[in-house]
Amino acid sequence: MIEQNAYQQAGVDIKAGEKAVELMKDAVSDTYTDNVLDGLGGFGAAFALGSDYKNPVLVSGADGVGTKLLLAIAANKHDTIGQDLVAMVANDILAQGAKPAFMLDYLAVDKMRPEVVATIVTGIAKAAKASGMALIGGESAELPGLYAPNHYDLAAFAVGVAERDQLLAPKNVKSGDVLIGLPSSGIHSNGYSLVRHVLGIQTDADFNHLAAETQETLMTPTTLYAKSVWPLVAQGIIQSMAHITGGGLIENLPRAYTSELSAQINWGSWPVLPIFNTLQKAGSLSVEDMLLTFNNGLGMVLIVKSEASKQVMSQLSQANQPAYLIGEMIARQESGVVFQGVAPW
C-alpha cells in the first residue's frame, strides 16, 4: 500500500506553506516598483536598473536579527521583527552611499504556521517599502527537527544602487569634518545575548515576567534611516557614514574614515536612552563593555564638511529626523574614537 501524504507525516506541510504564501502575497506585491520584472512565484526574481544611471554600482548586504528573535518568540509578537531584519541590511547599504533597491528574505521555521509566517513576512514587506526597497523574493522553509518548537530564524539579502562617483568612502573624510548622530530607537538588533544575560532572561517565562514597559522597550524595532538620509547622499553633501551595530561606536565608526584620523565625540551631546542605563546597572558593565556592545542611543553617524552641517541639520529637521552634533574629526589620536567630557557610567 502506498503511503499517502508521506512528506506531511514526516513533518512538512506543503498545504500550510501554500496558505502562508497566499496570506503574505498582497503585502509583498505592495513593495513592487516598475523596476520589478518578475517577483514572487518564479524560480528567480528580476529587477531592472533602468537607464537613469551612467556608471551604476551594486552594493549588497546580508544579515539577520540575532537573539532578539528569542524575545519575539517569548512574547508571541511577530509583527515588528521584520523591521529589525530590513533595517540591518538597508541601513548598511545606505551607509555605503547606495539607495536600497531590492531584497530577498529567508525564513526557516520548525513548523509552518501560516498566520505567524504571514505576520512576519508582512512586517518585512512594510519595512522594505518604508526603505524604498522591493521585496522581490525569498524562501520560507519548514525544517522539522532542526528548530525547537515555535522557533524560527530570519535572514535578509539586499542590494542597493549608486553611481560610482556617489559612493561614500573613508578617503572622503578630512580633519575638521563634523559628526552628526542620528538617534536609535533603543537597543536595535545588537547585543541581545548580553541583554538576556544581565536581565536574567533564560526562558520565555523570564521575559514575560518583566514589566510590560520593559518588554515593550526590548522589542522596539530598529530605526530605518533611508527615507530621511538618502536625499542628503543624493545631493552629495555626506562625506561618509557609519551604521552603529554590533561593536558600537568604537568598532563601527572607524570604518567610515582612514587610519590617519580619529573621531572626537562629546559625552552629553546626545541623549543616552534609559534602557542602556538599566542594562549597565543590572550587569555592572564597564564603559568599555557598553561602548563595544550597544549603540547607546546613536543608530547612525553622518560625517559632513563643517560648512555643510547647518544645511544637513536643517534638512533632517524638515524630514522629522532628530539629529545631534556630537563631535568632529581630528588628527589621529591613541585610538580611532576618543571621548571628551564625563561618561554617563
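The values are calculated or read from the model by the stated rules, or taken from the named source; none is laboratory data. Note that the structure is a prediction, hence the values are computed from the model and not measured. Reconstructed Cβ throughout: ideal geometry from the backbone, glycine too, with neighbour counts over all protein chains shown.
Annotations for the structure displayed:
- Filtered by the rule that a residue be closer than 29 Å to residue 172 by Cα and surrounded by fewer than 14 Cβ atoms within 10 Å (Cβ to Cβ), region 272-297 gives a lone residue, 288.
- Number of the exception - residue 210 against (1) closer than 25 Å to residue 93 by Cα; (2) among the hydrophobic types (A, V, I, L, M, F, W, C); (3) more than 14 Å from the chain's Cα centre (by Cα): (1)
- So residue 268, is it out of contact with any Leu (no Cβ under 7 Å at 6 or more places or on another chain), in contact (Cβ under 8 Å) with a residue 12 or more places away in the chain and either crowded, with 22+ Cβ neighbours inside 10 Å or assigned by TED's automatic domain parsing to the domain that holds residue 335 (or both): yes
- Residues that are closer than 13 Å to residue 102 by Cβ, modelled with pLDDT of 95 or more and either among the polar types (S, T, N, Q) or not assigned by TED's automatic domain parsing to the domain that holds residue 94 (or both) within region 29-79 comprise just one, 60.
- Every residue from region 177-187 that is within 20 Å of the chain's Cα centre (by Cα) and part of a loop (DSSP other than H, G, I, E, B): 184, 185, 186, 187
- Residues of region 208-265 satisfying the condition of being more than 19 Å from residue 307 (Cα to Cα), touching a strand residue (DSSP E or B) at 6+ places or on another chain (Cβ under 6 Å) and assigned to a loop (DSSP other than H, G, I, E, B): 223, 225, 244
- Members of region 45-68 found to be of a type in the set (A, V, I, L, M) and surrounded by 14 or more Cβ atoms within 10 Å (Cβ to Cβ), listed by number: 45, 57, 59, 62, 65
- Being under 18 Å from residue 223 (Cβ atoms), hydrophobic (A, V, I, L, M, F, W, C) and part of a helix (DSSP H, G or I) holds for only one residue in 117, 195, 121, and it is 195.
- Check on residue 235, surrounded by 22 or more Cβ atoms within 10 Å (Cβ to Cβ), in contact with a helix residue (DSSP H, G or I) (Cβ under 9 Å, 6 or more places away or on another chain) and of a type outside the set (A, V, I, L, M, F, W, C): no
- Any hit, region 131-151, residues being farther than 22 Å from residue 102 by Cβ, touching a Leu at 6+ places or on another chain (Cβ under 9 Å), in the same structural domain as residue 30 (by TED's automatic domain parsing) and surrounded by fewer than 16 Cβ atoms within 10 Å (Cβ to Cβ): yes
- Any hit, region 251-263, residues being under 24 Å from residue 220 (Cα atoms) and either at pLDDT below 95 or crowded, with 18+ Cβ neighbours inside 10 Å (or both): yes
- For residue 174: the one exception among (1) in the same structural domain as residue 56 (by TED's automatic domain parsing); (2) not in a strand (DSSP E or B): (1)
- Candidates 242, 263, 234, 331 - the one that is in contact (Cβ under 8 Å) with a residue 40 or more places away in the chain and farther than 28 Å from residue 84 by Cβ: 331
- Any chance residue 128 is in a helix (DSSP H, G or I) and buried (at least 19 other Cβ atoms within 10 Å of the Cβ): yes
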